[in-house]
1. Once all Cα-Cα distances of the stretch 152-213 are split into 5 Å bins that start at 0, what whole-number percent is in each one?
2. Could you pull out every residue, at least 5 positions away or on a different chain, whose amide H is within less than 5 Å of the one on Trp35? Hs are placed 1.01 Å off N in the peptide plane, and Pro or chain starts have none.
3. Only Cα pairs under 8 Å and at least 6 apart count here; give the relative contact order of the stretch 242-286 as a rounded whole percent.
4. Sorted by average packing, counted as other Cβ atoms within 10 angstrom per residue and highest first, what order do 168-180, 89-101 take?
5. Around Gln132, with a cut-off of 11 angstrom between Cβ atoms, what is the net charge of the other residues, counting Lys and Arg +1 and Asp and Glu -1?
6. Could you check the simple spin-label distance between Ile191 and Val204, using points 7 Å along Cα→Cβ, in nm with one decimal?
7. For Leu226, project a label point 7 Å along Cα to C-beta. Then give me every residue of the stretch 198-220 with its amide nitrogen under 16 Å of that point.
8. With a 1.4 Å probe and all protein chains kept in place, how do Glu33, Glu309 rank by accessible area, largest first?
Amino acid sequence: LPRLLHVHGRMADLETTSKPPSPIKSNRIIRFERWDLACVEGLMGKVKRDAITGEICLQSTHNFPDFQVLDLLRRPMGLKGTVDGLMKDKYLFKVYPLMYRTWIYHHAMKQIHDVTGAARDENGILKHVFSQRCIDAPMNAGRFSPLMYYVPLAIGTCLTGSLALVAITIMALIVLRFISQICNTPTHYRIIRLLTLPVRLAYVGVVLALFDSSNSLAVVGYALNLLLVFADFVLGDVVMANSYKLHCTYNIVKTLPGPVRIAVCNREGAFQWEDLFGSRGIVDESVSGLGVWERKHHLIAELGDLIVELRPLSQEDFNALADQYFTTSDAIPCLAADALVLDDMASTAPTTKESFAKDMFLEDF
């Protein structure tokens, strides 16, 4: 998959907790190759949620551009400079896909298309998607089906030598699979564990009732069953309950001009996001239009039917890009959003080649 989509189905892979920054490689040169928005192929209908793992799966993404950076500023093709100079650029952003919210977005668009078949009010749909309570933080949050542990549990059941327990285990798997499948929608996916709790409690009661300590192999089988049931409860139910505080919604404060739909949003909920996962960076006033960028503010865009958060590139990001360019000598792909124009903003970066710093310059056409 493209680097943008290297999520492996888990939001936890999109970012890590904050680390001490490494030394700035200020003398390293980075060259960006700007790509036009026309190369972005829509992903509508290609984002699915796996009913068992809870992971968001991307289908047929081979034509989606392999870009790593989004440039909001309209400027000549080809931007390059040193790490120290590019660190001062206010308009280069790293893209963080919001996979669960993208799945909700695709589901909402499909619902409207199926019901009306008419033109869709995409701006209204985005507001609806932003208003849905969802965990956008990079974590699993226990959103997987109990089948993740109950299928391996069936192997342990065979060690017990109890045909009754094997039959009950198979019936429990069928019920869990059915509930997981019918609740695999944006409306009901959060209550899968609640709906399956009676089935799982009843299964624990059956295991305890049939427990046979006369055979050592059977004891191992029963112990393995109970261990996996306990692991599912802790890593699923307990983690999900503890992660409930990270649900959030967004209110649109303002939208940016240009061909890409970009919105400055207020986050409601998930008050411990930054405490648990580190700072998301500060968007400059010339981009956001806000005098003060608070931790509740987000810059969210829709790229090729993918809902993403835009964050300023950190020191670690620039160091990684410098290493990549130094190793491969290939220009770093950069998608050009062309949302902002320097001529329209009096207090932003320089407007001519001569006014750029020595370590940051624009290439000729």
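1. 3, 17, 26, 20, 14, 10, 6, 2, 0
2. Cys334, Leu335, Ala336
3. 35
4. Highest to lowest by the protection proxy: 89-101, 168-180.
5. Neighbourhood net charge equals +3.
6. The modelled label-to-label distance comes out at 2.2 nm.
7. Counting backbone N atoms under 16 Å from the label point, the list is 201-220.
8. Glu33, Glu309
The values are calculated or read from the model by the stated rules, or taken from the named source; none is laboratory data. Note that the structure is a prediction, hence the values are computed from the model and not measured. Here the Cβ is made from the backbone with ideal geometry for all residues, glycine too, and neighbour counts use every protein chain on show. Keep in mind that these areas ignore ligands, DNA and RNA; they rest on the heavy atoms of the full protein, side chains included. Shrake-Rupley method; radii C 1.70, N 1.55, O 1.52, S 1.80 Å.
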